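Accompanying notes for the structure given below.
The values are calculated or read from the model by the stated rules, or taken from the named source; none is laboratory data. Quantities reported herein were computed from a predicted structural model and do not represent experimental measurements. Because the Cβ atoms are built from the backbone with ideal geometry, glycine has one as well, and the counts that use them run over all protein chains shown. The accessibility values were calculated without ligands, DNA or RNA, using every heavy atom of the protein model including side chains. Shrake-Rupley method; radii C 1.70, N 1.55, O 1.52, S 1.80 Å.
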Amino acid sequence: MKRSPKDVAESARTISRRALVMGGVQLGVIGALGLRLQAMQVEQADQFRLLAEENRINIRLLPPARGLIFDRNGIPIAANEQNYRVVMVSEDAGDIGEVLAKLTQLVEIDPADLTRAMDEMQTQMQRGSPFVPVTIADRLSWEDVARINLNTPTLPGVSAEVGLSRVYPWGADLAHVVGYVGPVSSYDLSRIDDADPLLQIPRFQIGKTGAENKLEHTLRGSAGDRRIEVNAAGRIMRELDRREGTPGEDVQLTIDSRLQSYVQARLDGESAGAVVIDLENGDLRAVASAPAFDPNLFVRGISTKDWTALNEDKYRPLAAKAVQGTYPPGSTFKMVAALAAMEDGVVAPDETVYCPGFTDVFNIRFHCWKGGGHGNINLHESLKQSCDCYYYEIAQRVGIDKMAVMARKLGLGIKHDLPLSAVAAGLAPDKEWKSSVRGEDWRIGDTVNASIGQGYVLASPLQLAVMTARIATGHEIKPRLVRLIDGVEQPSGRGESLGLNENTLRRIRASMTDVCNHRRGTAYGSRITADEYKMAGKTGTSQVRRITPEERAAGVTKNEDLPWERRDHALFVGYAPFDNPRYAVSVVVEHGGGGSRAAAPIARDIILQAQYGGPPPLEAYPSSVRDRIAVQQERINARIPPGSKGLGRA
């Protein structure tokens, strides 16, 4: 069929429009390709040239600077120091064994470190992160670093870095308070509910014990990162970008490091714990456990020899005895029994109890420490002379449940909230506790034993210091270890009134004053003779073995004739000045024998040191001990680190 001229013209116009559209599309595509080629060949030429040379970009995490820990006077007690180290990225290394062999020809590396590094790289590959650098060795010298950098072309995946490592300037003196850091372990990862990518960095250090552990999130900070360019051989070509991490927050503790150092020196040679608490605000000025250990050993990687020595030491240097050690409080518990009985009204202050040297309860004989007895004795004299039979009697009147309530009111049998490892709750037992825990009924003999701090009763040196602080002030003193976090003051530890009768408290305090300052007091030999600093306190001796009737009939074996682990614990609690209390102290000497002989002299020396802010004058001591004290001060001053002789009084 012949088409009309009109149809031909319309068809031509349609074809022309289609050609125009198709041409435009083609031109657009060609233009886009041209622009892309220009960008690739001109603007991104360097990047693609590097890619053509098999270079690539890696992103690596930057650990932040860990927050510092200071004592109350601003003295660093946990700091950071520069640390040169060599790291390897297994993904870039190729033949790891060959590279490590070359590296050991350049720098001396402990075989144990090589084995550890190989294990960590294997773990990283199993986790699917072979790109994460693994530390091969640290604490390298600058000469070592220079040799590594010079030979980088022959060490694929290897680079030298400078980082920060934890250091503890006071060594063992603050080990149980500050604790230490160490590399993240598989065990840590299994128990920490924390998605922080920092924890995936091999040998990244976190707090393991003490304040380092309990304040981990405060001290850790957050990660930074850097983008680096590496070539096919794993050699770093350049750093493209860096974002620094956020440093951890600084923490200031309430501890006076110089007083702490003195207390550690004074406890030298003993297995003991001691606590000093400020009665104005609950600040813990010293929390000491002896013997101690050097936390720097753990930061650097403790040797098998050192680890074995610490674990096999019968005096348990790794144990923080001041807060986690619990002991029968002995006669230091008598203030609890007395306050419970007085508050309940079952005994009058001047009422006397006859002490023949023993008390019979249902055909069981409970002995007083003084075999011949004290005769008729009232509350004041019972504390001053530490008569046991007086407390056997009043305990039967008041009962264990009310004694337990009073014990908890004074800070015993409860776990104090402190950023320290393994803080013990101790035990202030009652009838319900024995029934639920031991499945047994409470017996009257249990009450009699508890009245003198034996039986089931347990307390730590920390708890005994809190008890003493509350008796001295009548207030709920709560122990405080952290003073400032990032410059922000933490709440004071001085709480409200305990609600105890003030007249009753005055009587207890007067008795404790005579314990130390009356000739018949059990701590008279450890008195303070300086009038403005005189001390009030209470001695205690707690048995760790049963004395059989046969042994008692033949004569009780003296402590010094027994093996060390079977000797009595020695205890003392006190505060000073007796008429305007500022500090409370507790001392427990494991298997030290009598509290008046072993613990009271130590407590006297510690509280004098705290009050004077340094070595007290010899005139503050009884004349009979001044020569010995002079020698002791010289020995201790030689032991305390240089520049820390004078104590801060902030």
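Counting only residues that are in contact with a strand residue (DSSP E or B) (Cβ under 7 Å, 6 or more places away or on another chain), at pLDDT 85 or above and in a helix (DSSP H, G or I), the range 173-191 holds 4 of them.
Among the residues of the range 198-226, just one is closer than 23 Å to Met118 by Cβ, assigned to a helix (DSSP H, G or I) and open to solvent by 30 Å² or more (accessible area, probe 1.4 Å), namely Gln200.
Restricting to the range 618-639, and then to whatever is touching a residue at least 24 places away in the same chain (Cβ under 8 Å) and touching a Lys or Arg at 6+ places or on another chain (Cβ under 7 Å), can you tell me which residue is farthest from Asn517 (Cα to Cα)? So, considering only residues that are touching a residue at least 24 places away in the same chain (Cβ under 8 Å) and touching a Lys or Arg at 6+ places or on another chain (Cβ under 7 Å), the one farthest from Asn517 (Cα to Cα) is Ile636. Anything in the range 455-480 that is surrounded by 24 or more Cβ atoms within 10 Å (Cβ to Cβ) and in a loop (DSSP other than H, G, I, E, B)? List them, or say none. If the condition is that a residue be surrounded by 24 or more Cβ atoms within 10 Å (Cβ to Cβ) and in a loop (DSSP other than H, G, I, E, B), then Val457, Ser460, Pro479 are the ones that fit. Taken over the range 349-387, the criterion of being crowded, with 19+ Cβ neighbours inside 10 Å, of a type in the set (S, T, N, Q) and touching a Phe, Trp or Tyr at 6+ places or on another chain (Cβ under 6 Å) is satisfied by Thr359, Ser382. For Leu484, the conditions (1) in contact (Cβ under 8 Å) with a residue 24 or more places away in the chain; (2) of a type in the set (A, V, I, L, M); (3) in a helix (DSSP H, G or I) are fulfilled apart from (3).
Restricting to helices (runs of 4 or more DSSP H) lying wholly in the range 53-172: which have 2 or more residues that are open to solvent by 30 Å² or more (accessible area, probe 1.4 Å)?
On the way: elements: 90-93, 96-106, 111-126, 142-150.
Hits in the range 53-172: 96-106, 111-126, 142-150.
Among the candidates Ala117, Ala112, Ala146, the residue that is within 35 Å of the chain's Cα centre (by Cα), among the aliphatic types (A, V, I, L, M) and farther than 23 Å from Leu198 by Cα is uniquely Ala112. Can you confirm whether Val448 is among the hydrophobic types (A, V, I, L, M, F, W, C), open to solvent by 10 Å² or more (accessible area, probe 1.4 Å) and farther than 22 Å from Ala320 by Cα? It is false that Val448 is among the hydrophobic types (A, V, I, L, M, F, W, C), open to solvent by 10 Å² or more (accessible area, probe 1.4 Å) and farther than 22 Å from Ala320 by Cα. Of the residues making up the range 393-410, those that are touching a residue at least 60 places away in the same chain (Cβ under 8 Å) and either under 21 Å from Arg494 (Cα atoms) or crowded, with 23+ Cβ neighbours inside 10 Å (or both) are Val398, Met403, Val405, Met406, Ala407, Lys409, Leu410.
Of everything in the range 302-331 that is touching a residue at least 24 places away in the same chain (Cβ under 8 Å) and over 17 Å from the mean Cα position of the chain (by Cα), the residue that is surrounded by the fewest Cβ atoms within 10 Å (Cβ to Cβ) is Lys314.
Here is a check on your reading of the model: is Glu229 part of a strand (DSSP E or B), touching a helix residue (DSSP H, G or I) at 6+ places or on another chain (Cβ under 9 Å), surrounded by fewer than 23 Cβ atoms within 10 Å (Cβ to Cβ) and at negative phi? It is true that Glu229 is part of a strand (DSSP E or B), touching a helix residue (DSSP H, G or I) at 6+ places or on another chain (Cβ under 9 Å), surrounded by fewer than 23 Cβ atoms within 10 Å (Cβ to Cβ) and at negative phi.
The listed residues are Ala599, Ala576, and the only one of them that is in contact with a Gly (Cβ under 9 Å, 6 or more places away or on another chain), of a type in the set (A, V, I, L, M, F, W, C) and free of Cβ contacts under 8 Å to residues at least 60 places away in the same chain turns out to be Ala576.
Taking the range 578-599 on its own, how many of its residues are within 27 Å of the chain's Cα centre (by Cα) and at positive phi? Adding up the residues that qualify gives 1.
Contact map, the range 74-102: residues that are on the phi > 0 side of the Ramachandran plot paired with residues that are open to solvent by 20 Å² or more (accessible area, probe 1.4 Å) and of a type outside the set (A, V, I, L, M), Cβ distance under 6 Å, separation 6+ or inter-chain. Pairs shown: Gly94/Pro156. The requirement of being closer than 21 Å to Ser542 by Cα, open to solvent by 10 Å² or more (accessible area, probe 1.4 Å) and touching a helix residue (DSSP H, G or I) at 6+ places or on another chain (Cβ under 6 Å) is satisfied by Asp430.
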